[in-house]
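Below is one structure; the comments refer to it alone.
The values are calculated or read from the model by the stated rules, or taken from the named source; none is laboratory data. Keep in mind that this is a model prediction, so the values were computed, not measured. Backbone-built Cβ (ideal geometry, glycine too); neighbour counts: all protein chains shown. Just the protein is used for accessible areas: all its heavy atoms, side chains included, with ligands, DNA and RNA removed. Shrake-Rupley method; radii C 1.70, N 1.55, O 1.52, S 1.80 Å.
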Amino acid sequence: MALAVPSHMAEFKKITMTTNLNYIPSLDIYTFATSVLQEKAEQEIKLLNPKSEFFMCKLADIEASELLDSPFIYDFFTIYFLEKGSISKINQLKSLEIGTNQIFFSKPGEIKTWQKLDQPDGYLVAFTLDYLLMLIDDKNLINTFDYLMPNSRRKFSLTDAYRRFYKTVFKELYNEFHHPGKHSKQLIKFWIFVILIKTNRMHANGDSGNGLGRTKKSSDFIYKKFMLHLEESFKDLALQKIERPLLVREFAQLLNVNPTYLGECVRKASGASAKAIINQRTLLLSKCQLLHTYNNVSEIAYRLGFESSGYFIRFFKKYEGITPLEYRKLNMSP
């Protein structure tokens, strides 16, 4: 008998690529860049070292075949600016296509794979969180960049005015990175900062807005800090640096607030409880484990900190309506 597909999964496509490891490996800028660059890009490779916190190249110089057969947890932000062509990827189990005159912001800790390149023309910029923190003096300013937060809109179709603006800025960035001169490092940071601020305006209020958006409440900042810690903790869980998801009270300790107050702030900002958000993130990681690894249900339950495989199965079925093995069978590529 064929499995009945829950309505919320009806449009899910079998898009998954699986690693031969029992965990999804982390990917740093150096490994990423040296893997995707074609041989002709020797100059770009010479600008890199294993501790690189910033990298930039033309999309036309990328050959993604080395990364097409396995998923990775990216350790860095990426910005894709396309003037022509398209890039198809899988991002947190969702199909993603970036097309002509679009810009996309990807954040660290997400599980991604490449699918297809269709003659993309434009630029790719990559930088670590530490680089971003060095870039911005006011650390709270990062929390105003909604498009860098989880579950936010991060792909934008550009008007002619914005396309011309980004084209100019990315060209300046590229020239400073590939033909460094006096104060090039400072100029690169300046142009990155300009991109972030300009995109913040576009995201907040559209083309005519000032980019400040609505007045931020204290609950918004607490919620965003919670989400940042949440993403970092689940990245650590995926890499087996911690044994289970953190509890609400443990996130409250990290934020130096009362657990009840944290719960109120999260609910006020998102409409959901902190525990519900943690459970949904646990569910996403369990799906990634099911579709991106060959681990059995018991191994996945152990890696996610469940007391038993039975408890994990009940948890999964509560949210998906089917068991983990049924989910794998429905969605695993043949």
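Below, the figures for the structure above:
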item	result
Tail fraction, Cα-Cα pairs, segment 232-315, threshold 16 Å, whole percent	55 percent
Where labels lie 7 Å past Cα in the beta-carbon direction, separation of SER184 and ARG153 in nm	3.7 nm
Segment 233-308, dipole about Cα centre (Lys/Arg Cβ +1, Asp/Glu Cβ -1), debye to the nearest 20	220 debye
Net lengthening on full extension, ASP160/LYS51 (0.36 nm per residue, minus Cα-Cα)	35.5 nm
Accessible area (Å², per residue) of segment 186-334, counting only protein heavy atoms and a probe of 1.4 Å	52 Å²
Charge sum, other residues only, whose C-beta stays under 14 Å from THR260's C-beta, Lys/Arg counted +1 and Asp/Glu -1	+3
Net +/- balance of residues flanking TYR311 in space, Cβ distance below 13 Å, scoring K and R +1, D and E -1	+3
Relative contact order, percent, segment 232-334 [alpha-carbon distance under 8 Å, six or more residues apart]	22 percent
Relative contact order for segment 80-156, counting Cα pairs under 8 Å that sit 6 or more residues apart, in percent	34 percent
Exceeding the 20 Å Cα-Cα cut-off - candidates LYS58/LYS235; LYS116/LYS235; LYS107/LYS198	LYS58/LYS235; LYS116/LYS235
Segment 95-194 shape via C-alpha gyration tensor axes, a/c threshold 1.5	oblate
Pair SER95, ALA60: separation of 7 Å Cα→Cβ label points (nm)	2.9 nm
Gain in span if fully extended, ASN296 to PHE221, counting 0.36 nm per residue against the direct Cα distance	23.1 nm
Förster radius 51 Å - calculated FRET efficiency between LYS167 and GLN240 (Cβ-Cβ, nearest 0.05)	0.75
For segment 175-311: rounded, prolate or oblate by the Cα gyration tensor [a/c cutoff 1.5]	oblate
Percentage relative contact order, segment 167-307, counting C-alpha pairs under 8 Å, at least six apart	18 percent
